[in-house]
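Chemist: Pasting in a structure now, in structure tokens, and then I'll have a few things to ask.
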Amino acid sequence: MKTSPVDGRADTLEPILRKIAHDIVGPTSVASGALKELERQLRGESQPHASMLDLVDRSLQRLQRLATRLRSAALVMNGTLELESQLVVLGDVLAGGVAHASKLDGRKNVTVEVVTAAEPIRANADEPHLALVFSELMSNALRFARRHVRVTVVHRGERATVDFEDDGAGFPAGLVAALTSGEPPSIEVGFALPLVVAITARFGGAITFGESGLPSSSDGRRGARVRVELPVASA
């Protein structure tokens, strides 16, 4: 299955994104290989340098994530994003996405609470791209949270919902409309959230934006909530 192009503006933006992604991948791959070799050579002697090596590793992974984000956005725009559906366990894919985001964007002063269903929930989806959706939404929540992020998985009839809630300042006015307009993303919106909206739609699901159940300040204002809805598959 393939996506359809967003509109004529994609013809201009798509090759630029693809070129930037390509230019990021080459140097970061070389640097990642060099870092692994350095860690191998320092094995047993690297404890004093462990924190610096970890910092370099996280920085390289952020660049690789950016390249994946830009490349995927380009494929969505030109209608050539290929997805391979398979039966997946949502909790397992979510755990991987949360772990990846927490490694790259976790903060010591932000606690993460994950509430999953007692029984496994299955869906038909492309596992790497569903993991990308969960990782991006978790990263977004971590970046804007003040102290708390909550992820909740619920089975409701023929649908499963995964809520990402934070206790940050919530969505700015007009942002939700821009995210759901179907237009190519602007600089203000960025690429991550429009990308996950487009990918989730390909799974027969939807993403909605609203207020978190977590208060963000003493005046009772609410943080942001992003809800992923997906059709449940039989085992």
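For every residue, the table says whether it meets (1) touching a residue at least 12 places away in the same chain (Cβ under 8 Å); (2) touching a His at 6+ places or on another chain (Cβ under 9 Å); (3) over 19 Å from THR208 (Cβ atoms).
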| residue | (1), (2), (3) |
| --- | --- |
| SER85 | yes, no, yes |
| ALA99 | no, no, yes |
| GLU113 | yes, yes, yes |
| THR116 | yes, no, yes |
| PHE134 | yes, yes, no |
| ASN140 | yes, no, no |
| ARG150 | yes, no, no |
| ARG159 | yes, no, no |
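Quick grid of which residues meet (1) surrounded by fewer than 17 Cβ atoms within 10 Å (Cβ to Cβ); (2) over 28 Å from ILE24 (Cβ atoms):
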{"residue": "THR68", "(1), (2)": "no, no"}
{"residue": "ARG71", "(1), (2)": "no, no"}
{"residue": "GLN86", "(1), (2)": "yes, yes"}
{"residue": "ALA99", "(1), (2)": "yes, no"}
{"residue": "SER102", "(1), (2)": "no, no"}
{"residue": "VAL110", "(1), (2)": "no, no"}
{"residue": "GLU113", "(1), (2)": "yes, yes"}
{"residue": "ALA117", "(1), (2)": "yes, yes"}
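Chemist: Find the residue count for segment 125-159, including only residues that are buried (at least 22 other Cβ atoms within 10 Å of the Cβ), in a strand (DSSP E or B) and at pLDDT below 95.
Modeler: Here the count works out to 1.
The values are calculated or read from the model by the stated rules, or taken from the named source; none is laboratory data. From a predicted model like this one, the values you see are computed outputs, not experimental measurements. No Cβ is skipped: glycine too gets one built from the backbone with ideal geometry, and neighbour counts run over all protein chains shown.
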